[in-house]
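Following: one structure in structure tokens, then a few remarks.
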């Protein structure tokens, strides 16, 4: 079995495109293409990183007398590839900063409660903002709250990149239907929670119904990757499902605490379209 055949099979096993492998190894896509066509071999500086990335030995890669069953090392399902660490580090820092900022502002709103009344001219109603929304409006820091939320969402996007780079293995089992269900149900949770805070307790049964629907769709989205035989692809898919649900959950907090109804809806639809669009690219197979 030649080096080119082994490399091609390894790449397909991990669900990687040539561009994704090239990016992980720091070479051009054309170089990877030549390796897989058998017209060139990687130099010594790239051969060892290539072997480590796939969890195999250099000897096995270069020895044509050894077949697929003779791999010296099996890929580690628990250890992230070296090229993934930068994404996890950057994503963890951004997500941590964003979530910390949101929590701090929530604590401040509880320690320093505020009530803001809004009565536009020409209307007969008065809108009273309390809790977090009142605190933000009183001090004029809605922009800072939105900035922390954006940082948290950006961090989740960074954390998802290692899995998205294996999108060929993820997209086939990513259910757009249940992803849409998560977004719709969490938006309903946020809206009804906001109404309940305003004293509309008759909406409590509806809140429970939306919560149950959100939990059901999230679990089905997560379990949809259980049939994937490859452990790394299964893990990548479940990471995407969890981070997608977490991103929608952050928007839920905006809706429930600050009443950002229309803005939250736009955000949730945007997250859904971004996630499904990046995964499938509009051309990869999908499971409904």
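Any read-out appearing in this document is the output of simple, stated calculations on the displayed coordinates, not a laboratory observation. Not measured: the values here are computed from a predicted model. Every residue, glycine among them, receives a Cβ derived from its backbone with ideal geometry; neighbour counts consider all protein chains shown.
Arranged by the count of other C-beta atoms within 10 angstrom, fewest first, what order do 204, 153, 108, 186 take? Mind showing how you got there, number by number?
Values: 204 13, 153 22, 108 16, 186 27.
The order, fewest Cβ neighbours first, is 204, 108, 153, 186.
I'd like the per residue volume of the convex hull spanned by the Cα atoms of the range 1-59, given in cubic angstrom. Numbers along the way, then the final one.
Values: hull volume 4.3 nm³, N = 59.
Value for the range 1-59: 74 Å³ per residue.
By how many nm would the segment from residue 19 to residue 41 grow when fully extended, if each residue of separation counts as 0.36 nm and the alpha-carbon distance is taken off? All intermediate terms of the calculation are to be shown ahead of the outcome.
Working: separation 22, 0.36 × 22 = 7.92 nm, distance 1.72 nm.
Taking 0.36 nm per residue and subtracting the Cα distance, the gain is 6.2 nm.
Could you please rank 271, 107, placing first whichever residue has the fewest other Cβ atoms within 10 Å of its Cβ? Mind showing how you got there, number by number?
Working: 271 21, 107 10.
Exposure proxy ranking, most exposed first: 107, 271.
Taking every eigenvalue of the Cα gyration tensor of the range 85-164, multiplying by 5 and rooting it, what semi-axes result, largest first, whole Å?
On the way: eigenvalues 238, 39, 11 Å².
Those come to 35, 14, 7 Å.
In what sequence do 13, 177 fall when counting other Cβ within 10 Å, fewest first?
Listing 13, 177 from fewest to most nearby Cβ atoms yields 177, 13.
Calculate the FRET efficiency for residue 115 and residue 161 from the Cβ-Cβ distance with a Förster distance of 30 Å, rounded to the nearest 0.05. Mind dumping the intermediate values first?
Numbers: r = 43 Å, r/R0 = 1.42.
Computed FRET efficiency for residue 115 and residue 161 comes out at 0.10.
Of the listed peptides 14-22, 138-146, what is their order by residue-averaged count of other C-beta atoms within 10 Å, with the highest listed first?
Details: 14-22: 19.6, 138-146: 13.9.
Output ranking for 14-22, 138-146: 14-22, 138-146.
Can you compute the modelled spin-label distance between residue 33 and residue 100, with each label point 7 Å from Cα toward Cβ, in nm?
4.5 nm
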